[in-house]
Amino acid sequence: MQGWNQTNNTLEQSFVFKDFKEAFAFMVKVAMLAEQQNHHPNWSNVYNTVTISLSTHDAGNVVTEKDHALAKAISALI
């Protein structure tokens, strides 16, 4: 999947925006997707950069189809 790196049993990508408002608006959209899929990311935000890390906790913190599905949905927001 373009832009996502799989390392240490996680899928991870950083997204850079024009400013904090755009980064935060993106986070709200991702939060809605996560709730719909009942699959929640680990993430951080520093000013205009949002870093998202996905793994499935119920499966022992490894990457599963749930992570790929959420990553695909997140990528479609951009």
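Data overview
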quantity: Criterion: out of contact with any strand residue (DSSP E or B) (no Cβ under 6 Å at 6 or more places or on another chain) and part of a loop (DSSP other than H, G, I, E, B) - qualifying residue of His39, His68; calculated: His39
quantity: Qualifying positions in segment 1-21 - within 10 Å of the chain's Cα centre (by Cα) and in a loop (DSSP other than H, G, I, E, B); calculated: Trp4
quantity: Number of positions in segment 41-62 that are modelled with pLDDT of 95 or more, farther than 15 Å from Ser75 by Cβ and either out of contact with any Lys or Arg (no Cβ under 8 Å at 6 or more places or on another chain) or among the aliphatic types (A, V, I, L, M) (or both); calculated: 7
quantity: Any chance Ser44 is in a strand (DSSP E or B), touching a strand residue (DSSP E or B) at 6+ places or on another chain (Cβ under 8 Å) and loosely packed, with under 14 Cβ neighbours inside 10 Å; calculated: yes
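The values are calculated or read from the model by the stated rules, or taken from the named source; none is laboratory data. Note that the structure is a prediction, hence the values are computed from the model and not measured. Every residue, glycine among them, receives a Cβ derived from its backbone with ideal geometry; neighbour counts consider all protein chains shown.
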